[in-house]
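To start, the structure under review is shown below, and the notes come after it.
The values are calculated or read from the model by the stated rules, or taken from the named source; none is laboratory data. Keep in mind the model is a prediction, meaning the values are calculated, not measured. Note that we place each Cβ from the backbone using ideal geometry, even for glycine, and neighbour counts take in every protein chain shown. Heavy atoms of the whole protein, side chains included, go into the accessibility calculation; ligands, DNA and RNA do not. Shrake-Rupley method; radii C 1.70, N 1.55, O 1.52, S 1.80 Å.
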Amino acid sequence: MKVIEVNNLKKSYGSKNVLKGINFQAREGEVIGVIGKNGAGKSTFLEILMTIKQYDAGNVVILEEDIQSLSINKLEQVRKHISVVLQPTQFYANLKVEELLKLFKAYYNSPMDVKKIMADFKLEPHRKKYFDKLSGGWKQIVSLAIAFLSEPRLLILDEPTTGLDPHMRDLLWTYITNYNKKTGGTVILTTHNMDEIELYCDKVLLLNNGVNEVFDTTEGILKDGYKSIHEFYISKVSI
Amino acid sequence: MLLTQLRYDLLMFSRELFYLVFTVFVPPITYIFMGQLFGDTMYAGNLSYAQTYTPSFILLITFTVIFFAFGFDQVTHRTTGVEKRIRISPVSKTTLLLSSIIRSVIITSIGFILILVIGIAMYNVEFHIIELITSYGFFIVLNALLLIISSAVYSFFNNMKSALVFSIVILQIVILTGGFAMPINLMPTFIQTIANFNPLYHMNTLFIAVWNGQLTFNNSTVLSFGYISAFALLSLIVLGFMNKRKN
């Protein structure tokens, strides 16, 4: 089943055309990496999928709803099925971890038990800590725990592992892949780490000069003769 | 959902020392301190210190709470990315806005009661139920107008540091030209001129009149009402424009 269908998506900021006609599809259970150099439009593309950015032309259908034509109420219904992890991750600085989880549980009207989520994500020792006082890695883990509270059908991650040490990076990916296997949810992420794309993503979308230059399976790209996704990226994208 | 959001909004306010100092501690302490210095002085309209400065300091608390805990808070959330993260969540904008407004009304009402109690205990403020209810109603109207103005003013800021500097500077200007430090007619001419452009000066003058049952409709009060209304209307237009630009 298609979770996302994007056709001829265009977006500009003033005279700068950032997205010049993107075509994209995501199916249930897929993990898709969106790559491209800084300023290629990755974040703009993800923000449109998050339903928080308007676009100029094209069609974006998420969970069978054309988001451009939706009322605010309908949009909130769609958002119940979408969760995100942003970079940098920020929540209310003056709330403790447990309080944040409880607040977002209320936002998503989630039946999940906050204690269980804290146990799953090994957050017990941090539950009384203010979000602002956590290290970057733990902030990302809390953000992911909040994202999973809603049992989302679509998880969007904007550079989730940027700035994390290898242990934290592994831990974060363990949670993401477990979620994907357990729930069949779709994951879309951006990253500059091509090893992560190769290791964890089913498909790759390469944004270059405002268009989707390549949208293929990771396997398919490697079958084309590239030794790695890193080599593929370097050969396709100039500085 | 509204009650949950409100509970957490109040909890966050109580944990922010910066807001507490400037909103709940400094104005009452200044009210007491000034009362010790000028408690016996008589002011315009043959009013005592308590009759003049009790409503003034209630308004000052209202201003600081709304500008710091509502306006500046919006900039903090916008610049740190909290606003974006919340916008992606399925919580309605109306719930967030209502919670913010109710939080401001609750905190400023606590300020209202705090100053009133200090006034009764230390400066023999007289307690007339009808005037008190009228004053509280007018105070709520001022609350609403200040919420609109502060939202519009802070919508221009995309940087926390500049918003903080602005907040501290504007607090000084408002205190000096709003009639909160000493009567405007005792100030230099240029301050008196600036005061005429300060909506807080007009709000203060009207609130003192309402508090003491002296509100009459003459050229001066009509001008004050007109200026405040025009300022609020302009703020609404700015808010509409900024929201459109954001989308």
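Brief remarks follow.
- Subset of segment A:108-119 (residues that are in contact (Cβ under 8 Å) with a residue 40 or more places away in the chain and either at the interface with another protein chain (Cβ under 9 Å from one of its Cβ atoms) or closer than 16 Å to A:Lys139 by Cα (or both)): A:Tyr108
- Restricting attention to segment B:182-192 and to residues that are without any contact (Cβ under 8 Å) to a residue 24 or more places away in the chain and open to solvent by less than 70 Å² (accessible area, probe 1.4 Å), the residue that is nearest to the chain's Cα centre (by Cα) turns out to be B:Ile184.
- For beta carbons closer than 9 Å, sequence separation of 6+ or different chains, a first residue in segment B:108-120 that is under 16 Å from B:Tyr19 (Cα atoms) and a second that is open to solvent by 70 Å² or more (accessible area, probe 1.4 Å), the qualifying pairs are B:Ser109/B:Tyr136.
- Out of A:Ile156, A:Ile141, sole residue that is within 14 Å of chain B (Cβ to nearest Cβ), under 20 Å from A:His192 (Cα atoms) and β-branched (Val, Ile, Thr): A:Ile156
- Single residue of segment A:83-98 satisfying the filter (at pLDDT 85 or above and within 7 Å of another protein chain (Cβ to nearest Cβ)) that is surrounded by the most Cβ atoms within 10 Å (Cβ to Cβ): A:Val84
- Filter result for B:Asn158 (touching a residue at least 40 places away in the same chain (Cβ under 8 Å), open to solvent by 30 Å² or more (accessible area, probe 1.4 Å) and either at positive phi or in a helix (DSSP H, G or I) (or both)): no
- Scoring A:Leu70 on the criteria (1) open to solvent by 30 Å² or more (accessible area, probe 1.4 Å); (2) out of contact with any strand residue (DSSP E or B) (no Cβ under 8 Å at 6 or more places or on another chain); (3) under 24 Å from B:Thr4 (Cα atoms); (4) more than 8 Å from chain B (Cβ to nearest Cβ) leaves a single failure, condition (3).
- Among the residues of segment B:1-38, the one identified as without any contact (Cβ under 8 Å) to a residue 60 or more places away in the chain, touching a helix residue (DSSP H, G or I) at 6+ places or on another chain (Cβ under 6 Å) and within 22 Å of B:Ile168 (Cβ to Cβ) is B:Tyr19.
- Residues of segment A:28-42 that turn out to be under 24 Å from A:Thr177 (Cβ atoms) and in contact with a strand residue (DSSP E or B) (Cβ under 6 Å, 6 or more places away or on another chain), as a count: 9
- Spans of helices (runs of 4 or more DSSP H) in segment B:15-131 with at least 2 residues within 13 Å of chain A (Cβ to nearest Cβ), modelled with pLDDT of 85 or more and surrounded by fewer than 23 Cβ atoms within 10 Å (Cβ to Cβ): B:73-80, B:82-88, B:93-123
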